[in-house]
Amino acid sequence: MNKKRSKYSLGPVAGLVVLIVLFLLSSRINLSDGGAPEGINSVPLPDSSADQPLQVYFLDVGQGDSELIRIPGETGYFNMLLDTGEYEYADGLTEYLKGLGVERIDALVCSHPHTDHMGCMARIVQRFDIGAIYMPLLPEDRAPTTAAYEKLLDAALDKGLTINQLHEDAIIESPPGSQFQVMSPRMDADWDGANNYSAVIRLVYGESSFLFTGDAEEESEEIILEDGYMLSSDVLKCGHHGSSSSTSDEFLEAVDPLYAVISCETGNRYGHPHRETVEKLDREKIITYRTDKDGTILAESMGDRITFTTGLDSVQGRDG
Ligand SMILES: [Zn+2]
């Protein structure tokens, strides 16, 4: 009798416990569903790309940013130029790209419309065969009024190119074996300065990955984390030239890179990279390359391990 009674009396309690556990489990499942990283970690490489590496040049353009991404494809390299540096690098960059055999830029990307990133982009549009142009658009009252920006819009118009707006989940076409994921800015982004409108783009090639952040700062990093994108990448191009206003602890932890790259000029007036950022990367034992110390940096990947070459020629400025 006692046994029976206790069985009965335990029944509802056990049921309640099961219900609570189920509820907790389901809320945990919901939580982890909502926060599951959005993105992929690898893309199968086609056979045709087997003998050519992916090349990512972090071009030394002084105090500025410029990256040339060359993805091997069946008919040669797909070339993406992400930022160009200031106007004074127009001729130097043209020569540098031609020297590498680049005649066509399949994707010309402006991370955000500050001149240290797109000062000579109009010239590049005029001088190269361009596939498509991508750029985040700022609200009208915050759109830049610089000559460099106006000239870029004119140069695109003259060549009959429309500018594709970059925003989260925007599509950038790329060859088989590679994928770009644009995770910022949000369509409804509302920032004071242009930096946080920077396009943040992750490139996956085979099993290797790169994260390009333009000048995105902590506030923008926070939104990207909130949106749950997969950030884990082998190489992080540190935001805003290694400023302490970017590369927050949380963001760095999520990206968890093996390598970091900082693009800046020796003795620049902003003190980039900031000591806090350099110390943070050191502390996390992240191998760091800097264009001010290493010149142009080349990262190459056959789809898995990434190798670096430093000390390549810098892009010559007008007076250099
Ligand atoms: Zn910048």
### Subset of region 94-114 that is over 15 Å from Arg70 (Cβ atoms) and in contact (Cβ under 8 Å) with a residue 40 or more places away in the chain - its residue that is farthest from the ligand (Cβ to nearest atom)
Glu95
### Query
Within region 181-212, can you find the residues that are out of contact with any Asp or Glu (no Cβ under 8 Å at 6 or more places or on another chain) and modelled with pLDDT under 95?
Asp188, Ala189, Asp190, Asp192, Gly193
#### Entry: Exclusive hit being at pLDDT below 95 and more than 19 Å from the chain's Cα centre (by Cα), set Gly39, Gly62, Gly76, Gly119
Gly76
### Message
I need a count of the residues in region 45-74 that are within 16 Å of the ligand (Cβ to nearest atom) and not in a loop (DSSP other than H, G, I, E, B).
### Response
2
### Message
Whether any residue in region 203-211 is touching a Phe, Trp or Tyr at 6+ places or on another chain (Cβ under 7 Å) and within 18 Å of Asp83 (Cα to Cα) is what I want to check.
### Response
yes
### Query
Any idea which of (1) more than 15 Å from the ligand (Cβ to nearest atom); (2) touching a Gly at 6+ places or on another chain (Cβ under 9 Å); (3) part of a helix (DSSP H, G or I) is the one Pro175 doesn't satisfy?
(3)
### Task
Kindly indicate whether Tyr149 is crowded, with 19+ Cβ neighbours inside 10 Å, of a type outside the set (A, V, I, L, M, F, W, C), more than 30 Å from Asp256 (Cβ to Cβ) and within 16 Å of the ligand (Cβ to nearest atom).
yes
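The values are calculated or read from the model by the stated rules, or taken from the named source; none is laboratory data. Keep in mind that what you see is a predicted model, and the values were worked out from it rather than measured. No Cβ is skipped: glycine too gets one built from the backbone with ideal geometry, and neighbour counts run over all protein chains shown.
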